[in-house]
1. If packing is taken as the average number of other Cβ atoms within 10 Å across a peptide's residues, how do 78-90, 125-137, 215-227, 146-158 rank, most packed first?
2. With the Cα gyration tensor of the stretch 129-228 in hand, convert its eigenvalues to equivalent ellipsoid semi-axes via √(5λ) and list them largest first in whole Å.
3. Beyond 29 Å between alpha-carbons counts as too far, so tell me which of LYS12/LYS191; LYS181/LYS212; LYS139/LYS181 fall in that bin.
4. What does DSSP give for the chain in terms of the percent of beta bridges that are antiparallel, rounded to the nearest 5?
5. Quote the charge dipole size of the chain about the Cα centre in Debye, to the nearest 20; the model charges only the Cβ of Lys and Arg (+1) and of Asp and Glu (-1).
6. Quote the accessible area belonging to PHE142 in square angstrom, nearest 10, computed with a 1.4 Å probe and with ligands, DNA and RNA left uncounted.
7. Residue-wise, which Karplus ³J(HN,Hα) couplings in Hz belong to the stretch 164-180, taking 6.51 cos²θ - 1.76 cosθ + 1.60, θ = phi - 60°, and x for glycine or proline?
8. Just to confirm the number: angle between the C-alpha axis of helix 62-78 and the first principal axis of the chain, 0 to 90 degrees, nearest 10?
Amino acid sequence: GIVTLTLDRPEKMNAVNGPMMQEITDALEEIDLDESMRVVVITGVGNAFCAGVEVKDHLGAMVPVMMNGFEIMIRLLRRLSIPSIAVVNGVALGGGCELVAACDMAIASEKAQFAQPEIKLGGLAPAAAALFPKIMGEKKAFELILLGDNITAQVAERIGLVNTVVPDAELDSAADKLAAKFIEKTPLGVKLIKEAFYQSANAPDFSAAIRKATELGIKSWQTEDAQE
C-alpha cells in the first residue's frame, strides 16, 4: 500500500524538466486511481531532493507551458485521496521546496536545505505564494519568497514546512515508520478526514468550515469500519 515516487536526475540535482514533470503528473493520476495504494512517498536520489525546475524552462515561450504544467502537477498532488509524504534527503530549492509544501507531511534529513530563490532571478514561485502563508504565516512566507535565502532543516521544522528532522542515517527508516502508520488506519476514514481537513481549511469562514467538516464527519462515522 506504500508507493514511492523517486525523482531521479542526480546529474541535475533532480531538477524537473518538461518530460519529468509530465511523468510525475502521469504517476500521480495513476496512483489516485489505484485503490490498493494507501500512502505516497516522494523522495530524490543522491544528495538532493529536488533543485527545482530547469532554469532554461523559464525562458520565452516555455514559461507558460512550464508554469501551467507545474500548477497541474501541484493540484494533483494536493487533491490526492491518500496522504503524501515528502522525504527530503538533501536540498529542496524552488519547485522542489514547493513540492515539499504541497505534500501533506514532510520528514527531512538534518542536512537538508530549503529555499525559494526565484526572486534572485526576478520571478515568482506561484505554489509557494499560495501555500506558504497558510503553512507558516504571512511574515515568514514573505521573507522566504521575497528574500530567497536558504534555511536549514531545523528552521523548516520550526516554521511548519516539515514535520520532523532526523539524522541523515535514520531518514529512510523514519520515513518507513511514518508511512506505515497510515497503513494501520481505515482507508476510507483517512480519505474523508483528509478531504474534511482541506475543505474546512479553505472555507471562507468558520461556519462554512464546521458545516463541511460535520458533513464529512457524519460520513466517516457511518462507514462500516467506524461502526465496527
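1. 78-90, 125-137, 146-158, 215-227
2. Details: eigenvalues 192, 110, 10 Å².
They are 31, 23, 7 Å, listed largest first.
3. Details: LYS12/LYS191 35 Å; LYS181/LYS212 26 Å; LYS139/LYS181 33 Å.
Beyond 29 Å: LYS12/LYS191; LYS139/LYS181.
4. Values: 2 of 25 bridges.
For the chain, the DSSP antiparallel bridge percentage is about 10.
5. With only Lys, Arg, Asp and Glu charged at Cβ, the dipole is about 640 debye.
6. My reading of the accessible area for PHE142 is about 130 Å².
7. 9, 10, 10, x, 3, 5, 9, 4, 4, 5, 5, 5, 4, 5, 5, 4, 5
8. 30 degrees
The values are calculated or read from the model by the stated rules, or taken from the named source; none is laboratory data. It should be emphasised that the depicted structure is a prediction, and the values quoted were computed from it without experimental measurement. Virtual Cβ from ideal backbone geometry, glycine too; neighbours counted across all protein chains shown. Protein only, heavy atoms only, side chains kept; ligands, DNA and RNA dropped before computing areas. Shrake-Rupley method; radii C 1.70, N 1.55, O 1.52, S 1.80 Å.
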